[in-house]
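Structure, as structure tokens:
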Amino acid sequence: MDGLLEVFFRGREIETPSPRTVAGLPGSTSASVEAFEEQRINDQVHGFVGSGAQEPVPVDLRNLRSGGRWDDLLKPGQSVEMLQMLPTIFKNDPPVNCGAKSELVGLSCAYGERYGREVFSPAAVAKHLELSRTFWSPSKENNVLDLVISAGSRLIIVGDVHGQLEDVLWIIFKYGPPSVTNQYLFNGDLVDRGGHSLEIFLLLMSFRRDFPGSVHIIRGNHEDAQCGIHFGFRSEIQSKFGFTDGGAIWNFCNNTVFPLLPIMATVLGPLTGGRRFGVLHGGVPVDCPGQNGPVSLDDLRAVNRLVPTVQATIPEDFHTHVLFNLLWADPVENADSKRSGNHGRGNRFLEPETAAFCERNGLAFVVRSHEVPKSLRGAVSMHSGKCFTVFSASDYMGSTGNRGGVFVSEVGKGLQLKEHSALPWPELAKIFTTAEVAIPAGEERLQEADRLERQYFSGGGSSEGSPSGGVSPRNPQPAQTANMEAQMQQFVMERICEQKEQLFGQFRQQDREMSGLIPKRQWVQVMMQQLGPVCPEVLTPTLLDRLATIWKLKDNVGYVRFLHRFQIRGPDDDANAPDLMREASGLRRKLLDASSQSLEQLLDPNGDRTVSRAEFLGFLPQFKIDVPSAHAGALYETMCRFVQQDPLTVDSAVLCLAIMTRDPPPVNQWSPIAEKIGSEIARAGKSYAYAFRFWDADSDGFLSLEELQQGLRQLPATQHVDMASIEQFMYYIEDMGVSNNRISMFEFIRAVAPRSLAMELHETMLKEILKRVWLCRPALQTLLAQKDPRATNRVSVDDFRSCLEKLNRELEQRGRPILSPIQVASICEVASRGAKTVQYDRFIRGLHVVDAGLTA
């Protein structure tokens, strides 16, 4: 086996870190973020996909639009011409950047809705995709592909490319076009993330048609209806063809093309002694229901692969769990890693399990893909050379900075790792315009490609340490570094939004004086304690220090303001959209010097001593408080929940508005006295507003110094305070608002209300109207897609509401907070924008976290 390792890595030992467990490089952290998101989505979706038989959606490919400018490239005999022209067609496309901006998954193609006219029409694409029926037999015997590589031929094994057509074109440029003597095996995950998943399939199917036996494709976990909904392939198809034609093509891919793909391959020829090796996308299936010993190839040939999604596993069913794990599982090096976490990515497998699988099936080792090596190299070796991971999408998602890799396999020579960094579209267009890409590639082509990579990426020019002569790992470019930073910042912001209530509780425990401030070192400690276990491979004190600088946090962090700055917004809200807490704080400032009479008249125009929801919604616009009615209604409900009243009394409404602020009142020597006053008022069973009115002897709506003196002398705690101290106390109260020798109701309540009360209101305010939907958006999107089998991206408001209610029932069963009826109605209002239908994909993908502190 040592000799085999030398063949693999040409005498250079590649690091063998355990995937997803070794952090350090910025790009490896970026890959960990992607894995975290994938697992989070999978954990949610699994509960809502359903199980058992999956009925295919009827697909009508007739009457699709035709007439695309480049449709002729899809005709027989045009595969080489298509290869030559693709870089020119897409030369103006942006680089993939969905790592930093997750809303861009599947959308890195610049044509948008013009695609069907200016590139390939939906009719031509559909006809081309129908070749899948002739390429792959639905028979279970074809679950496993048996390849034999003869002398004079070679096999190039390509890992995940994830819609990054630039990598596929660059790989073919470096190693030559597919042919019967230069075969390619794509090991799944051709789709999602990048914006050119479709063209990758079209190109590979063209070569397979024109040169039979030249291209082989194994199904990955992303060639799946559920993954495509969440990770970009559906967005890509619909952005290119619209919802009607795009829906038809999307359903044909999920119901016909993807299920026909084989799920594993064995390869004979490259290894000496007649040994075979296996190629599968995810991993060795272990711990499946009813499993007794290692899975055999016969077990795999008994699996029903003809399903739109492998996530619809049947409880206690061996074969559906085998299929899921074959496409999803990851290797680990020790039992602790195997046991840790909730494995939405499948059951992790250890070295003995890999060895047992290989021994049972007569395999020397297995080659898999599915994840970026932590070393950022093109491949990684694990399990004592029994398990190799190859990943081919270089600078994955535009933020990882990794090299892409392929394994080149020739008879008697084992496998050789070759690495690359794909050039961007403009450079590819120049090269493919002048180069003879149709001829087989030799060593000269490989050297020229390596020279172009070194020249473009300015990595220093040294070929040491890279099996193919490139720089390893690829040195980050300025834009790439910025993307990494943006991805990390966005990731932490989202975790803060998820954990706001818990963070607030931890911050508050550190703040004994309830000043709303904690030292930055304690801020780092709390962040690590609360968020660290959620994302251990991403969050570090160093990252938090860097973010604290970006966020301009002071040495004493105002944690109430800090938590409120990160907010969940809807699809129609940008970073400058109204901030509910900021608007409420602005309202408080406008009312600080209002008389109690005018304040009560504004809040309670009918004089019944209550403030109804309608009265509150009518009250806000009078002060130009710019929040949508749904958000204003949610604020009213928050206040009702806080004081446990519905409707609110006038005094309770005034209390909430007076203490609602992003910055608690300052702490000084008068704070304890103010607290005692508030406590004695509460002990007497009176509201703070009632005490203010009672002390206001002349009923002018304000307290004068004399009225304050008389009021304080009625209380045991302050009955002996001298006049000088009362004057100082009045200045303290006026510091809450306007210094004009009189005290308003708002100023009084803000001063005497217990600080703990304000903190409780802050905690309640952290529960945003869209948070529950945002947290559960993968599950909600899955439920809505089930209501929309033709992928039109529209459901009725009633269907949208029923999906929210179903989500509520699931949350309730799990003991999680649920949406109130008012919140459900508000979310329906936001999502539908007053229409009878909801464009649900737009709504869910439009939910995003912003840093409102940037515009504060």
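Brief remarks on what is shown
- From PRO672, PRO665, PRO605, residue being under 26 Å from MET514 (Cβ atoms) and either in contact with a Ser or Thr (Cβ under 6 Å, 6 or more places away or on another chain) or in a loop (DSSP other than H, G, I, E, B) (or both): PRO665
- One residue from ALA697, ALA717, ALA674, ALA684 being open to solvent by 10 Å² or more (accessible area, probe 1.4 Å), out of contact with any Asp or Glu (no Cβ under 8 Å at 6 or more places or on another chain) and of a type in the set (A, V, I, L, M): ALA684
- Condition check for GLY278: within 30 Å of PHE388 (Cβ to Cβ), at pLDDT below 95 and in contact with a strand residue (DSSP E or B) (Cβ under 8 Å, 6 or more places away or on another chain): no
- Scope the range 809-856; condition open to solvent by less than 70 Å² (accessible area, probe 1.4 Å), charged (D, E, K, R) and in a helix (DSSP H, G or I); matching residues: GLU810, ASP841, ARG845
- The set of residues in the range 142-158 that are assigned to a helix (DSSP H, G or I) and open to solvent by less than 10 Å² (accessible area, probe 1.4 Å) contains only ASN143.
- Considering the range 203-253, the residues that are touching a residue at least 60 places away in the same chain (Cβ under 8 Å) and on the phi > 0 side of the Ramachandran plot include one that is least open to solvent (accessible area, probe 1.4 Å), namely GLY232.
- If you go through the range 509-535 and keep only what is assigned to a loop (DSSP other than H, G, I, E, B) and touching a residue at least 12 places away in the same chain (Cβ under 8 Å), you end up with ASP511, GLU513, MET514, SER515, GLY516, VAL534, CYS535.
- Flag if VAL366 is modelled with pLDDT of 95 or more, crowded, with 24+ Cβ neighbours inside 10 Å and in contact with a Lys or Arg (Cβ under 9 Å, 6 or more places away or on another chain): no
- Those strands (runs of 3 or more DSSP E) of the range 211-293 in which 2 or more residues are farther than 30 Å from LEU64 by Cα and of a type in the set (D, E, K, R) are absent.
- The range 108-122, residues that are touching a residue at least 60 places away in the same chain (Cβ under 8 Å) and surrounded by fewer than 22 Cβ atoms within 10 Å (Cβ to Cβ): TYR111, GLY112, GLU113
- Among the residues of the range 123-141, the one identified as among the polar types (S, T, N, Q) and surrounded by 14 or more Cβ atoms within 10 Å (Cβ to Cβ) is SER132.
- Picking from residues in the range 31-46 that are more than 10 Å from the chain's Cα centre (by Cα) and more than 25 Å from GLN480 (Cα to Cα), the one that is modelled with the lowest pLDDT is HIS46.
- Residues that are part of a helix (DSSP H, G or I), open to solvent by less than 50 Å² (accessible area, probe 1.4 Å) and not aliphatic (A, V, I, L, M), drawn from the range 700-714: GLU707, GLN709, GLY711
- Residues that are in a helix (DSSP H, G or I), aliphatic (A, V, I, L, M) and modelled with pLDDT under 95, drawn from the range 318-355: ALA335
- The range 585-624 - residue that is touching a Pro at 6+ places or on another chain (Cβ under 7 Å) and in contact (Cβ under 8 Å) with a residue 40 or more places away in the chain and, of those, surrounded by the most Cβ atoms within 10 Å (Cβ to Cβ): VAL611
- Number of positions in the range 710-752 that are among the basic types (Lys, Arg) and without any contact (Cβ under 8 Å) to a residue 40 or more places away in the chain: 1
The values are calculated or read from the model by the stated rules, or taken from the named source; none is laboratory data. Source: prediction; values computed, not measured. Quick reminder, even Gly has a Cβ in these numbers, built from the backbone with ideal geometry, and neighbours come from all protein chains shown. Ligands, DNA and RNA are stripped out before the accessible areas are found, and what is left, the full protein with its side chains, is counted by its heavy atoms. Shrake-Rupley method; radii C 1.70, N 1.55, O 1.52, S 1.80 Å.
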